[in-house]
1. Output the number of the condition that F21 fails; it satisfies all remaining conditions of (1) at pLDDT 90 or above; (2) in a loop (DSSP other than H, G, I, E, B).
2. Please go through region 83-98 and give me each residue that is surrounded by fewer than 20 Cβ atoms within 10 Å (Cβ to Cβ), closer than 23 Å to F72 by Cα and at pLDDT below 75, ordered by number.
3. Is it true that M54 is within 19 Å of L235 (Cβ to Cβ) and either touching a Gly at 6+ places or on another chain (Cβ under 7 Å) or assigned to a helix (DSSP H, G or I) (or both)?
4. Suppose the filter is among the polar types (S, T, N, Q), crowded, with 22+ Cβ neighbours inside 10 Å, at negative phi and under 17 Å from the mean Cα position of the chain (by Cα); does T80 pass it?
5. State all residues of region 175-205 that are surrounded by fewer than 19 Cβ atoms within 10 Å (Cβ to Cβ) and among the aliphatic types (A, V, I, L, M); if no residue qualifies, say none.
6. Please tell me if L27 is under 13 Å from the mean Cα position of the chain (by Cα), surrounded by 15 or more Cβ atoms within 10 Å (Cβ to Cβ) and assigned to a helix (DSSP H, G or I).
7. For region 88-106, give me each residue that is of a type in the set (D, E, K, R) and either farther than 15 Å from N136 by Cα or more than 18 Å from the chain's Cα centre (by Cα) (or both).
8. I'd like to know if region 61-71 contains one or more residues that are modelled with pLDDT of 85 or more, in contact with an Asp or Glu (Cβ under 9 Å, 6 or more places away or on another chain) and hydroxyl-bearing (S, T, Y).
Amino acid sequence: MPIVMLLPGLMAGLVQGLTGFGSGIILMIFLPGLLPISQGAGVSTLTMAAANLMMVWRYRKSIKWGRLIIPFIIYSTVATLSVHLGLVLDTHILRMLLGGLLIALSLYFTLYKSASAKRYPLFIAGIFMIISGFFNGLFGIGGPLMALYFLTLARTKEEYLASIQTFFMLDTIYVSTLRFATHVLSFGDLKFVLFGMIGSLVGTAIANRLITRMDTDRVKELVYIFIGISGLYYLIFH
């Protein structure tokens, strides 16, 4: 039933609000139990669209379009290929890939707490874009590495948020259009998106209240542990 998307959406909005990214990761922990993975990835991407658009509008004066064009071209090209790949890959393989990705992300952010403070060479940044685009096309999870990339370029919090949220907005428009065109998504899936979107807006509102009272680093640690456990689940029960 679509109403079950309220809780995953709320958790996604909460995590996104507290950490700056991660909604796709949280949603793809739950969605494969409701929908095929390719379809779930499309629902995941659209669920945060309203909250994403509001963030873009809020930080619109800090957007630097020159930083977005080349990364988006690379990212979207790879995502296009992986969307088609997701239509032919075996579901068991997709679940194993998802599990491996979640575990890798959990370990990366848990062990390398200074990851977001580094300025990565262009070669490494290119790899980030390719990996992010690939897994975004498959699972709707492309944010973490792109968040690191834009964070290393930004001089202020506003610049970072403007870049990453505008990038996510472009991604949502492009990849969602592609998924509808290839019949990965249909208008019938929008009922899942609607309930998820309601939950995400509530979660984002809660996050805005909590963020001033809580230790954000501790919240991140708990989130990454949860992601790792979920990844193990998909690897073991694929």
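The values are calculated or read from the model by the stated rules, or taken from the named source; none is laboratory data. No experiment lies behind these values; they were computed from the predicted model shown. All Cβ positions, glycine included, derive from the backbone under ideal geometry; neighbour counts span all protein chains shown.
1. Result: F21 fails condition (1) only.
2. L87
3. no
4. So T80 does not fit the description; no.
5. Residues satisfying the conditions are L178, A181, L190, L194, I198, L201, V202, A205.
6. Taking the combined requirement at face value, the residue satisfies it.
7. D90
8. Yes, region 61-71 contains at least one residue that is modelled with pLDDT of 85 or more, in contact with an Asp or Glu (Cβ under 9 Å, 6 or more places away or on another chain) and hydroxyl-bearing (S, T, Y).
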